[in-house]
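Undergrad: I am attaching a structure below and will ask some questions about it afterwards.
The values are calculated or read from the model by the stated rules, or taken from the named source; none is laboratory data. Predicted model, so just to flag it, every value in this text is computed and none were measured. Here Cβ is always computed from backbone atoms with ideal geometry, including for glycine, and neighbour counts include all displayed protein chains. All accessible areas refer to the heavy atoms of the entire protein, side chains included, with ligands and DNA or RNA removed. Shrake-Rupley method; radii C 1.70, N 1.55, O 1.52, S 1.80 Å.
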Amino acid sequence: VRLIDHKGGMLLTDDLDYNLRTGIATYKNGGQITNAKTILNSTEGVYHADTKDVYFKKNVHLVDPKYDIRTDSLAYNLTTNIATFIAPTHIVSKDGVIDTKSGTYNLKTGEAVFYERTAFKDSTHYGIADKMHYDEKNQTIQMEGKAKLVDSVNRVTVLGNLIYLNTLQNSFFATSKPVMVLYRDGDSTYIAADTLFSGLRKYDSLER
């Protein structure tokens, strides 16, 4: 069974209940929705033709050129390309891994807001906070509420209620009672201040 939207979205399934009056389609035995380069698979789903909202349940898997998302429940809008997370979700991209329980992710712009102790990890950083803003274009992450940032390469841990991280510049800005812990030669140095900033110093070719 194929249900094709006039804007190019397509639902493919073996069994489909479709209400012509409300424009609501429901499948319970596995289905796949494709929209441009995004493919979504799930065991169950409800598609609203008027609003282009789709609610996926059980074994949800979203594959996009930039992302690979797995969860048990997910809401997705075919027009805005915004995914809304309503269950524990595992997100994998070229920039790292994100684990969250709730939030929204705009797959078109790469901007996201996560809640409920979201954690992220890339090749050099690990972070966790009550609330997290992510901007893929600028490679910035804002962590709010009991935030923790770990830089494994430079062996630095930062604690605070508000931390801004720029992964492109390898810099962070921390405020709201921040504490920075430096690990050197088997010892730990604690630095506390009203505001902390750390950046990667760059040298030209003539300097050591």
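Undergrad: When averaged across all projection directions, what area in nm² does the alpha-carbon convex hull of the chain cover?
TA: Working: hull surface 57.8 nm².
Taking the Cα atoms of the chain, their convex hull projects to 14.4 nm² on average.
Undergrad: With +1 on each Lys and Arg Cβ and -1 on each Asp and Glu Cβ, how big is the dipole of the chain about its Cα centre, in debye rounded to the nearest 20?
TA: So the dipole magnitude of the chain works out to roughly 60 debye.
Undergrad: Further, regarding this structure: Mind scanning K28/K108; K58/K131; K57/K148; K101/K146; K58/K121 and naming the pairs with a C-alpha gap bigger than 23 Å?
TA: Cα-Cα > 23 Å for K28/K108; K58/K131; K57/K148; K58/K121; rest within.
Undergrad: Compute the separation of the alpha-carbon centres of segment 1-43 and segment 110-154 and state it in Å as a whole number.
TA: 34 Å
Undergrad: Does segment 143-208 come out rounded, prolate or oblate by the C-alpha gyration tensor, with a ≥ b ≥ c the root eigenvalues, rounded set by a/c under 1.5 and, if not, prolate when a/b is larger than b/c and oblate if not?
TA: Cα axes put segment 143-208 in the oblate bin.
Undergrad: Find the accessible area per residue for the chain; the probe is 1.4 Å, ligands and nucleic acids are left out, and the unit is Å².
TA: I get 57 Å² per residue for the chain.
Undergrad: Follow-up. Given R₀ = 35 Å, FRET efficiency for L206-V153 by Cβ-Cβ distance, to 0.05?
TA: With R0 = 35 Å, the Cβ-Cβ based efficiency is 0.90.
Undergrad: Can I ask one more? Rounded if a/c is under 1.5, else prolate if a/b is larger than b/c, else oblate: which is segment 81-127, with a ≥ b ≥ c the root eigenvalues of its Cα gyration tensor? Don't skip to the end; give the middle numbers.
TA: Numbers: a/c = 2.10, a/b = 1.25, b/c = 1.68.
Oblate shape, in that a/c is at least 1.5 and b/c is the bigger or equal ratio.
Undergrad: Multiply the residue gap between N161 and T79 by 0.36 nm, knock off their C-alpha separation, and tell me the result in nm, one decimal place.
TA: Roughly 26.0 nm would be gained on extension.
Undergrad: Now a separate question. If R₀ is 41 angstrom, what is the calculated FRET efficiency for the pair K137 and V1, using the beta carbon separation as r and rounding to 0.05?
TA: Once rounded, the FRET efficiency stands at 0.60.
Undergrad: What translational D, rounded to a whole number of µm²/s, comes out for segment 30-135 from Stokes-Einstein when the hydrodynamic radius is the Kirkwood one over Cα pairs, at 4 °C and 1.567 mPa s?
TA: Here the translational diffusion coefficient equals 94 µm²/s.
Undergrad: Taking +1 at the Cβ of each Lys and Arg and -1 at the Cβ of each Asp and Glu, which of G45, Y76, P88 sits farthest along the dipole of segment 1-105 towards its positive end, judged by Cα position relative to the Cα centre?
TA: In segment 1-105, that residue is Y76.
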